[in-house]
Each structure stands twice: as structure tokens, then as C-alpha cells.
Amino acid sequence: MNAEHLKQQAAEAALDYVKDGMKLGLGTGSTAVYFIKGLGEMVANGLNVICVPTSIASHELAKSLNIPLTTLDETPKLDLVVDGADELDAELNLIKGGGAALLREKIVAAASAKMVVIADDSKLVAPLGAYPLPVEVIPFGAAATVELMHKAIKDAGSTGAVTLRNNADGTPLITDGGHYIYDCALGSIANPKQLALNLNVIPGVVEHGLFIGLAQVAILATKTGIQKIEI
């Protein structure tokens, strides 16, 4: 069973958490695509939900499937968000942002009563950090912000290269919010909570990909079936 099949299994298992009348957050990324497609089938069969997408890509996919959409301005409290993760640990701390949607993903997660993470079991790690940590940065003064990021990383007991994420043509990737992404190749993160706090106080950092205390459930697809972690 390949990785795509595992992603699809995890996404389809998360559909069991969806109930009629819910206000949902729709995640971003390859695993979330399977969830949105499955949700579209449920809507076509009469399910009544309204959803807030976490990216332009997820918005366009949901719209194409006739999934009713809203915004957090219109619907500021959500029942459930289902999203993927680039890494997670046994305490359901996450690294997200591989798809450059981490800012909107975190805003939607914070507005949701429950967050369910969907992934294949290769994403479960100890410790976090093999996947480079994305940090979304305002373009103004970015070099100064990166200097402060290096200090924040060192003060949290980690070290590693901080690299601007580029498009295939070599130009800087620009997020949906108009910002840069810097990827921090730390190898391992000794203290995710402290690192999150350190990055939070840097003025030029818009948001980072450490999701601490936001997820309550992880649905992991393995070659032998579905594994759930609940906290």
C-alpha cells in the first residue's frame, strides 16, 4: 500500500467525525484533499455543513464540489477542523506549513473546538524536527528577522540552517498572506514549546509551523489499519 492510499484511508476515517449541521475548517495539502473530496460526496448526498477553507487551493477545490463556504468573519467559531501535518509527536505537537498555508491553518485551528489531524504513520516521530520548521516572515526587514530567529532557535536548545523558500524559478515563494517562508533545518527540536514561545515574540515573524496544544485527535493510516491518538 503506497503513501497516497494511506493518506486517503486516514482522510476517509476522519469523515466519521463530521455530523450534520457542523461548521468545519478545511485543511490544506495532499491529505486534506482526500478529506475535502470525501466531504463533497457527503454534501452531494444531503449532508448540511458550512466550511472555512485554510487556503485558496482548498477554497477552490471545495467550491468546485459545491461545498457551502463561509469565512471566519461570518462564522468565527467552528466545531471541527480536519487537517494534515508534516510531523507530529505522541503529545500531538505538530509541524505544519509544508504547503505554505500555516498562518491560515493555525487561525482556523484556534477558532475550532476540535482539531483532527490526518496523516500516514510515517509522520509520527520523536522528537519533532527532521522536517524543516517553516516560519512565515514579513518581507520588510527579513534579514534582521532571520538574525533574531537564529538567536531564538539557539536559546531553545536547537541549531540549524535557516533558508528562504523559493519557487521553481528561483523567486521567493509568497504565501496567500503576502509573506515569505523560511525553512529551519534543525534536525531535532529539543523543546518545541520553548521554541514556539521564542519565535512568537519576534516582531517580523508572522507565524511559525509549530502547532502546540491545538490538536486533540490524530488519525494515522498504517499498513495494518487505522491508528488513533487522542489526548
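Can you find even one residue in region 142-152 that is farther than 16 Å from residue 39 by Cβ and under 19 Å from the mean Cα position of the chain (by Cα)? No. For residue 170, the conditions (1) on the phi > 0 side of the Ramachandran plot; (2) at pLDDT below 95 are fulfilled apart from (2).
In summary, residue 3 fulfils each of the numbered conditions (1) of a type outside the set (Val, Ile, Thr); (2) more than 23 Å from residue 214 (Cα to Cα); (3) in contact with a strand residue (DSSP E or B) (Cβ under 8 Å, 6 or more places away or on another chain); (4) surrounded by 15 or more Cβ atoms within 10 Å (Cβ to Cβ) with the single exception of condition (4).
I'd like to check something: does region 49-58 contain any residue that is crowded, with 24+ Cβ neighbours inside 10 Å and of a type in the set (S, T, N, Q)? So far as region 49-58 goes, yes, one or more of its residues are crowded, with 24+ Cβ neighbours inside 10 Å and of a type in the set (S, T, N, Q).
Just the residues that are over 22 Å from residue 134 (Cβ atoms) and not in a loop (DSSP other than H, G, I, E, B), please, taken from region 61-70. Once the filter is applied, which keeps residues that are over 22 Å from residue 134 (Cβ atoms) and not in a loop (DSSP other than H, G, I, E, B), region 61-70 yields 62, 63, 64, 69.
Among the residues of region 18-34, is any assigned to a loop (DSSP other than H, G, I, E, B), among the β-branched types (Val, Ile, Thr) and surrounded by fewer than 23 Cβ atoms within 10 Å (Cβ to Cβ)?
Looking only at region 18-34, we keep the residues that are assigned to a loop (DSSP other than H, G, I, E, B), and these are 18-22, 27-29.
Applying the additional criterion that residues be among the β-branched types (Val, Ile, Thr) yields 18, 28.
If we keep only those that are surrounded by fewer than 23 Cβ atoms within 10 Å (Cβ to Cβ) as well, we get 18.
Yes, region 18-34 contains a residue that is assigned to a loop (DSSP other than H, G, I, E, B), among the β-branched types (Val, Ile, Thr) and surrounded by fewer than 23 Cβ atoms within 10 Å (Cβ to Cβ).
Which residues, taken from region 126-167, are hydroxyl-bearing (Ser, Thr, Tyr) and over 14 Å from residue 185 (Cα atoms)?
Correct list: 145 only.
Checking each residue in region 41-60 for being assigned to a helix (DSSP H, G or I) and in contact with a Ser or Thr (Cβ under 8 Å, 6 or more places away or on another chain) picks out 57, 58. Reported count of residues in region 173-213, each being buried (at least 21 other Cβ atoms within 10 Å of the Cβ), within 16 Å of the chain's Cα centre (by Cα) and in a loop (DSSP other than H, G, I, E, B), is 2.
Residues are listed down the side, and each one gets a yes or a no for (1) acidic (Asp, Glu); (2) at pLDDT below 95:
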site: 176; (1), (2): yes, no
site: 187; (1), (2): no, no
site: 190; (1), (2): no, yes
site: 202; (1), (2): no, no
site: 205; (1), (2): no, no
site: 208; (1), (2): no, no
site: 220; (1), (2): no, no
site: 226; (1), (2): no, no
site: 231; (1), (2): no, yes
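The values are calculated or read from the model by the stated rules, or taken from the named source; none is laboratory data. Because the structure is predicted, anything quoted here is derived from the model rather than measured. Cβ coordinates were reconstructed from backbone atoms using ideal geometry, including for glycine residues, and neighbour counts include every protein chain displayed.
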